[in-house]
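A.B. asks: First the structure, which I've put down as structure tokens, then a few questions once you've had a look.
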Amino acid sequence: MRLLLDTHAFLWWATDNPRLSKVARELIATGRNEVWISVASVWEIAIKARLGRLQVPPDFGRFLLDQIETNGFQVLPIQLAHALEVSRLEDHHRDPFDRVLVAQSRIERVPLISADIQLDAYGIERRW
């Protein structure tokens, strides 16, 4: 199964945070699933870290690449189809990064690993 990590799910996995649900942890850890991290999540982390709203390791780039390699994650770029899908989304959620993740989940037909129940309004498959 293919899975797309919400930004917080990626961070909680990478830092072994207990807020990551047991279901999410098992889906990521199984080794049988193809786990993706979106470029949108990397962008979100970079912006929030720069604004002082999120603590990241001093060499975030190295940390990110290590996590991707160690965990065998795939990187999902933002494609034109994803951006166009954002324009079709209802205003259930205002966060632009979450809206890109929803669009990617819909276009790629992949479940989103997220604790954010507001995303259910978009009719995507959310696992938590």
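We did not get these values from a lab; they are worked out from the coordinates using the rules stated. What you are looking at is a predicted structure, and each value in this text was computed from that prediction instead of being measured. Virtual Cβ from ideal backbone geometry, glycine too; neighbours counted across all protein chains shown.
A.B. asks: Fewest Cβ neighbours within 10 Å first, please rank Phe97, Phe60 accordingly.
C.D. replies: Phe60, Phe97
A.B. asks: Right, another one. Going highest first, how would you order 79-88, 29-38, 47-56, 108-117 by mean Cβ packing within 10 Å?
C.D. replies: Highest-to-lowest ranking by the protection proxy: 108-117, 29-38, 79-88, 47-56.
A.B. asks: What 222 nm value per residue comes from the helices of the chain, counting each DSSP H run with n ≥ 4 as -39,500 (n - 2.57) and dividing by all residues, nearest 500 deg cm²/dmol?
C.D. replies: About -14500 deg cm²/dmol.
A.B. asks: Further, regarding this structure: At what distance in nm do the modelled label points of His92 and Met1 sit from each other, each positioned 7 Å from its Cα along Cα→Cβ?
C.D. replies: Those two pseudo-labels are separated by 1.9 nm.
A.B. asks: A follow-up question, please. If you build the convex hull over the alpha carbons only and average its shadow over all orientations, what do you get for the chain? Give it in nm² to one decimal.
C.D. replies: Average projection, Cα convex hull of the chain: 7.5 nm².
A.B. asks: Find how much the distance from Leu84 to Ala46 grows on full extension, using 0.36 nm per residue of separation minus their present alpha carbon separation; answer in nm with one decimal.
C.D. replies: Length gained between Leu84 and Ala46: 11.4 nm.
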